[in-house]
Amino acid sequence: MAKNYESEVTQFLNNFKKQHSDTEAKQREGRGRLWDKPIDAEAQEGYKTAKVPQAPYVYYDNI
């Protein structure tokens with residue numbers, strides 16, 4: 001491929017972002033609401049201690 005090749009999808013996204021300049025700010029805001037949460041260290045430690053080790057072959061039933 002040529003170095004200056006740009007797919008139709010990339011062209012569409014670039015044009016969309018030019019027309020809607022607030023898109024990235026809205027994306028970051030949405031990410032902040034859904035994913036960027038403070039981590040509770042105490043809860044994480046509890047999750048680690050409660051974890052059950054997985055059997056080496058999970059499809060074999062040890063009856």
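The values are calculated or read from the model by the stated rules, or taken from the named source; none is laboratory data. Keep in mind that what you see is a predicted model, and the values were worked out from it rather than measured. Heads up, the Cβs are rebuilt from the backbone with ideal geometry, glycines too, and the neighbour counts pull from every protein chain shown.
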Notebook entry, point to check: Do the conditions hold for E24, that is, is it touching a Lys or Arg at 6+ places or on another chain (Cβ under 8 Å) and either in a helix (DSSP H, G or I) or among the aliphatic types (A, V, I, L, M) (or both)?
Noted result: yes
Item checked: Condition check for E42: in a loop (DSSP other than H, G, I, E, B), modelled with pLDDT of 90 or more and not polar (S, T, N, Q) -> no
Notebook entry, point to check: Could we say that K17 is touching a His at 6+ places or on another chain (Cβ under 9 Å) and at pLDDT 90 or above here?
Noted result: no
Notebook entry, point to check: Which one of the conditions (1) out of contact with any Asp or Glu (no Cβ under 8 Å at 6 or more places or on another chain); (2) surrounded by 10 or more Cβ atoms within 10 Å (Cβ to Cβ); (3) charged (D, E, K, R) does K17 fail to meet, given that it meets all the rest?
Noted result: (1)
